[in-house]
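The values are calculated or read from the model by the stated rules, or taken from the named source; none is laboratory data. As the structure is a prediction and not an experimental result, all values here were calculated from the model. Every residue, glycine among them, receives a Cβ derived from its backbone with ideal geometry; neighbour counts consider all protein chains shown.
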Amino acid sequence: MPDSIFFHRLQFAFTIVYHYLFPQLTMGLALIIAALKWAGLRTGEARYSDAARFWIRIFGINFAVGVVTGVPMEFQFGTNWAAFTGYAGGVIGQTLGMEGLFAFFLESSFLGLLIWGERRLSPRGHTAAAFALLAGSWLSGYFIIATNAFMQHPVGYVVSSNGSLQLESFWAFVLNRWAIAAYAHTMLAAVVTASFVVSAVGAYWSLKKIHAEQARLNLAWGTTIGLVACLLVAFPTGDRQGKMVAAYQPVTLAAMEGRFETGSYAEVNLIGQPNVEARRLDNPIRVPGILSFIAYGTFSSRVMGLNEFPRDQWPDNIELLYYSFHIMVGLGTIFIALMATAVFMQWREGLERARWLLWPLMLAFPFPYISTTAGWMTAELGRQPWLVYGLMRTVDGASARVHSGTVAFTLIGFCGLYFVLGLLFLSLIGREIAHGPVAHGTEAVHG
């Protein structure tokens, strides 16, 4: 088991990181599509329907690839993590099942109506389908995050006579405080991703001097929604998430900041390199008191360092956890500055002519994906060495009879398959962007 646990973790990490590239865009786009359809219904202006139609096609491609890449991840609960499934399946099986049976089918059904039903539905009916798609997409996200929240902060369970976990209180489990905080933070981060993609397409069309009206609309909506979402990701949702970590996983908080010593007026490290062997942070640039304030609400609050905890309770990759956290925070700060500048130029009615800003907006779209990946790495690396925090260690959750060679072989297969899927996805998305928005009244669906 010890020699295979690395490959079990690596395979699941690879498949989930790759998979999440797609649903984060669909969850964010669902909100923007619903808003565009509502604006078109209220104003009667065809440009909003044209924009919504274009982004529905992009949504559909992402959704399809997301489904394909999500299926292997679900199977790994049985193939790679059988011990964990046997231990915690009586609890987390509830939300995983609900995600598949309710939210997924709701989302896929109304996506079909949006793509193929515009000619058959009334404008109100098509707009209602967009809002139903939003509900299904965001409900699906909540069930997944509630599952993860139980692993981070287990509540609502009881230990059965055979030692496994069983659900004691459904509502305590589903309304886990950690789930609510993480959900708000995660969904707003998805909106950030979608807004950057929308802005990037608008910037591309502006630079190419094509689809001028749709380019302006995408830039206006993308940058405005993006700025609001970026601010809300930082505060209050990011702040709330930080306080949850401080309250329930203080060793994780210490590792995220490379903090080894306990003390008041704890600093936030803008830069530095964690030296775990020497138990210090090398070459730090610090802002005193900010970590105390973020974690506990006052600058003088006492924040524990790693030295306060037994070594076997430390996250097992402090360096990667530290850098993941700081990449997430650093990129988030840059996002706010970029979107604020874009909104200012939009207000000045000069954004589509500001080539010096259009280029950064077009090239920035990959960075929200990097930031959300770093954020999930922070959450998952911070939970280690536990699968279910405080109850089950990761090393005890893997499938005992699946050896490292088998896992490595299937991982290579996934890499090859996902590479081909990635090429197909980029080809389809590139074709849609090149085709551009469909003119109102000429074609309901681009095939």
Restricting attention to region 136-171, report how many residues are free of Cβ contacts under 8 Å to residues at least 40 places away in the same chain and either surrounded by fewer than 16 Cβ atoms within 10 Å (Cβ to Cβ) or more than 17 Å from the chain's Cα centre (by Cα) (or both).
-> 8
Quick one: how many residues across region 326-347 are out of contact with any Pro (no Cβ under 9 Å at 6 or more places or on another chain) and over 25 Å from I285 (Cβ atoms)?
-> 6
Answer with yes or no whether W178 is in a helix (DSSP H, G or I), touching a His at 6+ places or on another chain (Cβ under 7 Å), under 30 Å from L357 (Cα atoms) and at pLDDT 95 or above.
-> no
Starting from residues that are in a loop (DSSP other than H, G, I, E, B) and of a type in the set (F, W, Y), keep the ones in region 304-327 and report whichever is surrounded by the fewest Cβ atoms within 10 Å (Cβ to Cβ).
-> F309
Residue, nearest to S160 (Cα to Cα), within region 358-388, restricted to residues that are surrounded by fewer than 20 Cβ atoms within 10 Å (Cβ to Cβ) and of a type in the set (S, T, Y) | T373
Being assigned to a helix (DSSP H, G or I) and modelled with pLDDT of 95 or more narrows Q24, Q76 down to just Q24
Do the conditions hold for L361, that is, is it modelled with pLDDT of 95 or more and of a type outside the set (V, I, T)?
-> yes
Out of all the residues in region 342-398, which are under 22 Å from the mean Cα position of the chain (by Cα), closer than 19 Å to F77 by Cβ and of a type outside the set (A, V, I, L, M, F, W, C)?
-> E380, R383, Q384, Y389
Picking from R47, R42, R9, the residue that is surrounded by fewer than 22 Cβ atoms within 10 Å (Cβ to Cβ), of a type in the set (K, R) and within 28 Å of R393 (Cα to Cα) would be R9
If we keep only residues of region 89-130 that are surrounded by 18 or more Cβ atoms within 10 Å (Cβ to Cβ) and among the aromatic types (F, W, Y), then the residue nearest to the chain's Cα centre (by Cα) is F104
Residue check, T69 over 20 Å from the mean Cα position of the chain (by Cα) and among the hydroxyl-bearing types (S, T, Y) | no
Restricting region 328-348 to residues that are in a helix (DSSP H, G or I) and modelled with pLDDT under 95, the residue that is nearest to V276 (Cα to Cα) | Q346
Any chance region 115-123 includes a residue that's within 29 Å of F419 (Cα to Cα) and either touching a strand residue (DSSP E or B) at 6+ places or on another chain (Cβ under 6 Å) or at pLDDT below 95 (or both)?
-> yes
Within region 399-423, work out how many residues are closer than 21 Å to H19 by Cα and either in contact (Cβ under 8 Å) with a residue 60 or more places away in the chain or surrounded by 13 or more Cβ atoms within 10 Å (Cβ to Cβ) (or both).
-> 10
Is it true that some residue in region 117-140 is closer than 27 Å to Q241 by Cα and not in a helix (DSSP H, G or I)?
-> no
Failed condition for I294, given (1) in contact with a Pro (Cβ under 9 Å, 6 or more places away or on another chain); (2) part of a helix (DSSP H, G or I); (3) surrounded by 13 or more Cβ atoms within 10 Å (Cβ to Cβ), with all others met?
-> (1)
